[in-house]
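Read through the structure below, which is laid out as structure tokens, and then see the notes.
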Amino acid sequence: MASLFTKTKLYIEANSSTWDDTKVSLQDDGSGPYIKTWTYSFDKPNDSKIAEYETAGNTAEANAAIDATRRSQYGTWQEQMEMIYKDQKNGTSTFKDHCDKVRSDNPKG
């Protein structure tokens, strides 16, 4: 189940805006998260509107986890630059092959 943060962020983006901590705040008093404050110029979403973003929210969160895994497997920027340098020097495709493998091992949905 996608978090309220993710679904609210997607709703805000669907209304051509970006998340702004001064315009929205979420809270959870123990009975579940809710939108505590809302000062955007468009309507605050109700529960049914937020629920419409469940599938997109699940996809966004899954892709974020995949992105984090990919970042760790790509290696440091120094390691990547070294691969690129050696590829250019030796006419090889080590960097491209490495990136292709990371992507194929961690596909996005």
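The values are calculated or read from the model by the stated rules, or taken from the named source; none is laboratory data. Nothing here was measured: the structure is a model prediction, and the numbers come from that model. Cβ placement follows ideal geometry from the backbone for every residue including glycine, while neighbour counts extend to all protein chains displayed.
Would you call Lys89 closer than 30 Å to Glu13 by Cα and over 19 Å from the mean Cα position of the chain (by Cα)?
no
So Ala65 ticks every box in (1) surrounded by fewer than 14 Cβ atoms within 10 Å (Cβ to Cβ); (2) not assigned by TED's automatic domain parsing to the domain that holds Ala2 but one. Which box is left unticked?
The one condition Ala65 does not meet is (2).
Yes or no: region 12-20 includes at least one residue that is farther than 24 Å from Gly109 by Cα and assigned to a strand (DSSP E or B).
The answer is no, given that none of the residues of region 12-20 is farther than 24 Å from Gly109 by Cα and assigned to a strand (DSSP E or B).
Looking at the structure I just gave you, is Ser31 modelled with pLDDT of 95 or more and either among the small types (Gly, Ala, Ser) or assigned to a helix (DSSP H, G or I) (or both)?
It is false that Ser31 is modelled with pLDDT of 95 or more and either among the small types (Gly, Ala, Ser) or assigned to a helix (DSSP H, G or I) (or both).
Can you tell which of Ser72, Ser41 is closer than 26 Å to Lys9 by Cα and within 22 Å of the chain's Cα centre (by Cα)?
Ser72
Among the residues of region 92-109 satisfying the criterion of being surrounded by 14 or more Cβ atoms within 10 Å (Cβ to Cβ) and over 21 Å from the mean Cα position of the chain (by Cα), which is farthest from Ala56 (Cα to Cα)?
If we take residues in region 92-109 being surrounded by 14 or more Cβ atoms within 10 Å (Cβ to Cβ) and over 21 Å from the mean Cα position of the chain (by Cα), then Phe95 is farthest from Ala56 (Cα to Cα).
Mind checking whether some residue in region 63-77 is farther than 22 Å from Pro107 by Cβ and of a type outside the set (Phe, Trp, Tyr)?
Yes, the conditions are met somewhere in region 63-77.
Just the residues that are within 15 Å of Gly57 (Cβ to Cβ), crowded, with 17+ Cβ neighbours inside 10 Å and among the hydrophobic types (A, V, I, L, M, F, W, C), please, taken from region 1-35.
If the condition is that a residue be within 15 Å of Gly57 (Cβ to Cβ), crowded, with 17+ Cβ neighbours inside 10 Å and among the hydrophobic types (A, V, I, L, M, F, W, C), then Ala2, Leu4, Leu10, Ile12, Ile35 are the ones that fit.
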